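Here is the structure we will look at, set down as structure tokens.
The values are calculated or read from the model by the stated rules, or taken from the named source; none is laboratory data. Predicted, not measured: the structure shown is a model, and the values here were computed from it. All Cβ positions, even for glycine, are placed from backbone atoms using ideal geometry, and neighbour counts span all protein chains on display. Side chains are part of the model used for accessible areas, which takes the heavy atoms of the whole protein and leaves out ligands, DNA and RNA. Shrake-Rupley method; radii C 1.70, N 1.55, O 1.52, S 1.80 Å.
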Amino acid sequence: MKKINVKKLHTMKRENKKITALTAYDFSFASLLSDAEIDIILVGDSLGNVIQGHENTIPVTVADICYHTKLVAKGTTSPMVIADMPFLSYATFDKALDNSCALMQSGAEMVKIEGGKWTANIVSELATRGIPICCHLGLTPQYIHKIGSYSVQGREEEIAKEIITDALNLEQAGADLLVLECVPTRLAAKITSQLKIPVIGIGAGKFTDGQVLVTHDILGLSRLTPKFTKNFMSNSNSIAKAIELFKESVRSGDFPDEESSFD
Ligand code: KIV
């Protein structure tokens, strides 16, 4: 399989081919996801929860993500590697430039940034300098102490409008991809149809251009599993089969079903 790049992801959106994405934090899982021909491997700051055992992603550092990105890059063949910019590592332009450079030099091929309006300038400056960017809207776990709980975002009309405006502005600023987390299916569908860039959902219903989940969640390894995820291990006799089942379920449109989505 050929290496996945931004152009390929955009072609997949145009051709209505669902994009599959899973997290990995080390060589072995990156190899498994590569063997399964998953399109995107995300070195998520969810490693704070599932690897480091923290309650949230706030303690994760740039050094942590660089370390895990290097391990993942070694095991990755065709998938695109996206690395999360951790909490406040992109709070100013200078920080964003230095830290995204560190992640790209560790093997990332795109970086992911959480947040709306205020990130547009950062996105624009990074994009100009050749850094591919994935924005992340809806539920943004790095804001947990501000929002108070991991709840569905955008049920109220005003907030929904804000998320739509942010998505359009971030695309305009130069974002290459958007992750939408924990938003009502209808809102995600609307955003997906309005944007030219691919939209990858997590708890955002079945009408996005693709789906991302935390690999530990789909393998039943996490202590707390959100409603939007699914244990693909319960119908598989190996990790490789569970990953394959996730991929096929996303491609066929069987996942996410209503149980894993929000109204
Ligand atoms: O950190 C992460 O794994 C993520 C996904 C849940 C989208 O941001």
Legend entry - Distance between segment 49-103 and segment 147-206 - C-alpha centres, whole angstrom: 22
Inset, instruction - Pick out, from Asn235, Ala108, Pro256, the residue whose Cα sits farthest towards the positive end of the charge dipole of the chain, with +1 on the Cβ of Lys and Arg and -1 on the Cβ of Asp and Glu. - result: Ala108
Legend entry - Environment charge at Ile163 (Cβ cut-off 14 Å; Lys +1, Arg +1, Asp -1, Glu -1): -3
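Once the piece of chain linking Asn16 and Lys70 is laid out straight, how much longer is it, given 0.36 nm per residue of separation minus the C-alpha distance between them?
Details: separation 54, 0.36 × 54 = 19.44 nm, distance 3.18 nm.
16.3 nm is the gain from fully extending Asn16 to Lys70.
Carbon and sulfur atoms: what percent of the 1.4 Å accessible area of segment 6-260 do they account for?
52
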Inset, instruction - Only helical DSSP H runs with n ≥ 4 go in: add -39500 (n - 2.57) per run for the chain, normalise by residue count and round the 222 nm mean residue ellipticity to 500 deg cm²/dmol. - result: -12000 deg cm²/dmol
Legend entry - Gyration tensor (alpha-carbon) shape descriptor, segment 1-155, a/c threshold 1.5: rounded
Inset, instruction - Report ³J(HN,Hα) in whole Hz for each residue of segment 159-171, in order, from the Karplus equation J = 6.51 cos²θ - 1.76 cosθ + 1.60 where θ = phi - 60°; Gly and Pro get x. - result: 5, 4, 4, 4, 5, 4, 4, 4, 4, 5, 5, 6, 4
Inset, instruction - Multiply the residue gap between Cys101 and Gln52 by 0.36 nm, knock off their C-alpha separation, and tell me the result in nm, one decimal place. - result: 15.2 nm
Inset, instruction - Return the long-range amide H neighbours of Val81 (sequence gap of 5 or more, or a different chain), with a cut-off of under 5 Å between placed amide H atoms. - result: Ile41, Glu109
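What order do you get for 126-135, 253-262, 141-150 when each peptide is scored by the mean count of other beta carbon atoms within 10 Å, highest first? Before the final figure, lay out the partial values.
Numbers: 126-135: 19.5, 253-262: 16.2, 141-150: 13.1.
Going from most to least packed, we get 126-135, 253-262, 141-150.
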Inset, instruction - Work out from phi, with θ = phi - 60° and the Karplus expression 6.51 cos²θ - 1.76 cosθ + 1.60, the ³J(HN,Hα) of each residue of segment 210-218, listed in order in whole Hz, and give x for Gly and Pro. - result: x, 9, 10, 9, 7, 4, 4, 5, 6
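Given charges of +1 on the Cβ of Lys and Arg and -1 on the Cβ of Asp and Glu, with all other atoms neutral, how large is the dipole of the chain about its Cα centre, in debye to the nearest 20?
Values: 27 positive and 31 negative charges, 122 e Å.
That gives a dipole near 580 debye.
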Legend entry - Candidate lysines for bridging to Lys190, where Cα separation is under 23 Å - those fewer than 8 sequence places away on the same chain excluded: Lys7, Lys8, Lys13, Lys17, Lys18, Lys112, Lys117, Lys161, Lys206, Lys227
Legend entry - Radius 11 Å from Cβ of Ala36, net charge of other residues (Lys, Arg +1; Asp, Glu -1): -3
Inset, instruction - Give the shape of segment 139-217 as rounded, prolate or oblate, defined through the alpha-carbon gyration tensor: a ≥ b ≥ c are the square roots of its eigenvalues, a/c under 1.5 means rounded, and otherwise the shape is prolate if a/b is larger than b/c and oblate if not. - result: rounded
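Please give the net charge around Phe27, taking every other residue with its beta carbon less than 10 angstrom from that of Phe27, where Lys and Arg add +1 and Asp and Glu add -1. Don't skip to the answer; put the middle values down first.
On the way: positive: Lys70, Lys74; negative: Asp26.
Charge balance near Phe27 sits at +1.
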Inset, instruction - Could you run the Karplus curve 6.51 cos²θ - 1.76 cosθ + 1.60 with θ = phi - 60° over segment 128-134 and give me ³J(HN,Hα) per residue in whole Hz, x for Gly and Pro? - result: 4, 9, x, 9, x, 10, 10
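Classify segment 6-260 as rounded, prolate or oblate from the Cα gyration tensor: take a ≥ b ≥ c as the square roots of its eigenvalues, call it rounded if a/c is under 1.5, otherwise prolate when a/b beats b/c and oblate if not.
Working: a/c = 1.31, a/b = 1.10, b/c = 1.19.
Taking the square roots of the gyration eigenvalues as a ≥ b ≥ c, segment 6-260 is rounded.
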Legend entry - His54 accessible area, 1.4 Å probe, all protein chains in place, Å² to nearest 10: 80
